[in-house]
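Engineer: Sharing a structure, written as structure tokens. Questions coming.
The values are calculated or read from the model by the stated rules, or taken from the named source; none is laboratory data. Worth saying up front: this structure is predicted, and the values here are computed from it rather than measured. All Cβ positions, glycine included, derive from the backbone under ideal geometry; neighbour counts span all protein chains shown. Please note that ligands, DNA and RNA were not included when accessible areas were found on the heavy atoms of the full protein model with its side chains. Shrake-Rupley method; radii C 1.70, N 1.55, O 1.52, S 1.80 Å.
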Amino acid sequence: MNQRILTTAMSSLLLLGGCTVGPDFTNPNWASPTSWFTERTKPAPAPSRVVAEPVDPAWWNLFNDKTLSALEARVAAQNLDVQVAEIRLAESRAERGVVGAAQFPTVNGNASYVRQQASNRGVFTKLGKNAVGATDANGTVGGAGAITGVRIEPFEAYQYGFDASWELDLWGRVARSVESADSSMDASAEEQRAVLLTNLAEVARDYMELRGAQARLQIARDNLKIAQDNQHLVRQRAEGGMTTDLDVANASAQVATTAAEIPSLEQQEAQLINALSLLLGQPPQALAAELQQARPVPPVPPTVPVGLPSELARRRPDIREAEAQLHAATADIGVAVASFYPSFSLSGSMGIQALRPTNLFNWNALQYAFGPTLNIPIFEGGRLKATLELRKAQQREAAVKYQQVVLKAWHEVDNALTAYETEQRRREQLTEAVRENARALSLAQSRYREGVANFLDVLVAQRSLLATQELLALSTTQVSDNLVAIYKALGGGWETDLPLATGQEDTAGAAKGS
């Protein structure tokens with residue numbers, strides 16, 4: 001009868017093993033707009049316009065710059081921030097393996113040898129002669145204890161065997177823990193993608209800034225040549241008595257002022273090369289040989305694929321990371337709820353114990369123990385309730401953070417699209433200004449040579465040309481920078497280029513199967 005009751009109870013407990021308490025995670029709902037906001041507000045199409053076409057993961061190829069593409073291809077393998085993120089992902093996978101081990105029984109083998117001497121003045125002296133016996137297993141005559149004058153001799157014990165234990169996951173506590181660990185591992189993977197995306201964009205941005213600095217450096221050198229030619233012309237006219245030393249001084253000051261711009265631009269060039277070297281895990285000036293030769297700022301393409309608004313949450317790794325963190329926080333509530341319920345575990349041990357080595361393989365030396373253990377939480381001083389409230393609060397916090405990340409993403413995309421369109425219109429105006437200022441300088445120089453204008457007109461025209469040329473170079477750089485910002489905001493760049501650290505290939509597959 002007792003055996004039948006025990007069997008029925010065990011069967012009921014095993015059936016309850018499929019019960020999982022706590023809330024189930026559901027993907028958060030968010031309403032995406034049908035079109036990008038800027039499509040409804042922009043006044044006129046820009047020379048380079050966005051189109052709702054699939055985003056190329058290797059978006060930097062749109063600039064059609066082989067040097068930039070070569071640099072981007074090295075980011076995933078050489079950037080140190082990406083390598084740190086890879087290691088953190090490996091740590092997360094290992095932690096998931098530790099948590100997942102609770103799903104399975106634990107089995108331990110053991111073997112021991114001990115030589116022991118009991119106290120002749122201890123508790124055994126109260127047992128009397130029969131406690132030790134006439135002769136022990138080592139062949140030693142007993143008779144110790146209450147009989148005075150008889151000594152308890154040391155003895156030896158040999159033992160080997162194994163023990164096992166297994167906690168039945170009746171309420172899904174372990175299952176929820178594994179679910180939380182899986183989600184945390186997913187969040188670490190998304191964090192790695194976010195780091196990769198950030199560094200891909202940073203390499204492109206620094207590259208644009210480098211080419212922009214080189215363009216401005218060339219503008220300064222060209223204007224220095226113009227200023228030197230003007231200085232030479234003024235000196236010739238002064239020697240011929242056609243002008244005064246005031247014009248010579250003004251011309252010389254313009255040469256010095258223009259020349260003073262060159263060192264700071266050379267400094268910017270060196271610093272940007274160093275910035276790119278650091279992003280690729282290289283020492284200072286390691287990329288100087290391949291980057292010091294000046295090249296134009298990579299132009300933007302006529303059309304820019306930006307995908308559909310509904311794809312944003314699936315593409316941006318920070319949104320995916322926030323969703324995974326929300327999933328983990330939801331699963332942690334289930335772990336806290338399960339702690340209120342009784343836990344049931346099975347344990348057992350079996351082994352051989354003998355006082356002589358010759359009996360270590362004797363079946364009569366077998367010893368074993370097995371049975372269930374039931375643990376019921378009765379009084380925890382409010383710890384379980386406080387833990388549950390903490391997990392619920394953390395889940396609410398994760399939900400708000402998810403909403404915050406999504407909203408921030410929409411703002412970043414909209415701001416980037418707006419900046420891209422408006423900066424192109426600004427660049428068009430600056431292009432026209434440079435063209436007119438160059439024409440004005442040419443006319444001023446001709447009139448000065450003919451003696452119908454003073455040198456001040458030449459100076460004003462040259463300074464205006466230099467200022468607008470620098471502004472145009474900055475604007476051209478900014479347009480390309482804004483395109484980089486668009487793709488960073490869209491979350492493009494990691495889909496086909498997510499490296500695994502050494503050994504992660506095996507860890508990734510083993511984590512969920514452990």
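Engineer: Order of 356-362, 390-396 by packing, highest average Cβ count within 10 Å first?
Structural biologist: Answer by packing, highest mean first, reads 390-396, 356-362.
Engineer: How large is the accessible surface per residue of the stretch 332-439, computed with a 1.4 Å probe and reported in Å² as a whole number?
Structural biologist: Per residue, the stretch 332-439 has an accessible area of 65 Å².
Engineer: Using a 1.4 Å probe over the heavy atoms of the protein chains, calculate the carbon and sulfur portion of the accessible area of the chain as a whole percent.
Structural biologist: Carbon and sulfur together cover 55 percent of it.
Engineer: In addition: For Q282 and K66, what is the calculated FRET efficiency with R₀ set at 22 Å and r taken between the beta-carbons, to the nearest 0.05?
Structural biologist: Efficiency computed from Cβ-Cβ geometry: 0.70.
Engineer: Still on this structure, I have one more. Rounded to the nearest 0.05, what FRET efficiency is calculated for V400 and Q292 with R0 set to 56 Å and r the Cβ-Cβ distance?
Structural biologist: 0.70
Engineer: Can I ask one more? Using Cα extents along the principal axes in Å as the read-out, say which of (i) 95, 56, 41; (ii) 139, 56, 40; (iii) 86, 59, 45 was calculated from these coordinates.
Structural biologist: Of the labelled values, this structure produces (ii).
Engineer: How many angstrom lie between the C-alpha centres of the stretch 283-311 and the stretch 43-101?
Structural biologist: With the stretch 283-311 and the stretch 43-101 each reduced to a Cα centre, they are spaced 14 Å.
Engineer: Want the number for T431 to L246: 0.36 nm per residue separation, take away the alpha-carbon distance, what's left?
Structural biologist: Result: 63.3 nm gained on full extension.
Engineer: Stretched out fully, how many nm does the piece from R221 to R314 gain, at 0.36 nm a residue minus the Cα gap?
Structural biologist: 28.7 nm
Engineer: Still on this structure: With label points built 7 Å along Cα→Cβ from the Cα atoms of F104 and D24, find their separation and express it in nm.
Structural biologist: 2.8
Engineer: Which value in deg cm²/dmol, rounded to the nearest 500, describes the helix-derived mean residue ellipticity at 222 nm for the chain, given -39,500 (n - 2.57) per DSSP H run of n ≥ 4 and division by the residue count?
Structural biologist: About -20500 deg cm²/dmol.
Engineer: If you don't mind, another one. Scan the chain and note any complete DSSP helix (H) whose C-alpha atoms cover at least 24 Å along its axis and whose Kyte-Doolittle average is 0.0 or more.
Structural biologist: Qualifying helices, which must be both long enough and hydrophobic enough, are 80-100, 245-279, 317-338, 455-490.
Engineer: Now a separate question. In debye, nearest 20, what is the charge dipole magnitude of the chain about its Cα centre with +1 on Lys and Arg Cβ and -1 on Asp and Glu Cβ, if you could check?
Structural biologist: 1400
Engineer: Under 12 Å from the 7 Å Cα→Cβ point of T373, by amide nitrogen: which residues of the stretch 160-178?
Structural biologist: From the stretch 160-178, the list is 164-168.
Engineer: Now for a separate question. Among I333, P299, L276, which residue has its Cα furthest toward the positive end of the charge dipole of the stretch 272-335, with +1 on Lys/Arg Cβ and -1 on Asp/Glu Cβ?
Structural biologist: Positive-most Cα among the choices belongs to P299.
Engineer: Could you check the simple spin-label distance between R74 and L168, using points 7 Å along Cα→Cβ, in nm with one decimal?
Structural biologist: 6.1
Engineer: Give me log10 I(q)/I(0) at q = 0.12, 0.18 Å⁻¹ for the stretch 178-255, Debye formula, one equal scatterer per alpha-carbon, no solvent.
Structural biologist: Relative scattering, expressed as log10 I(q)/I(0), comes to -0.60, -0.80.
Engineer: To the nearest 10 square angstrom, how much accessible area does E86 have with a 1.4 angstrom probe?
Structural biologist: Estimated to the nearest 10 Å², E86 gives 20 Å².
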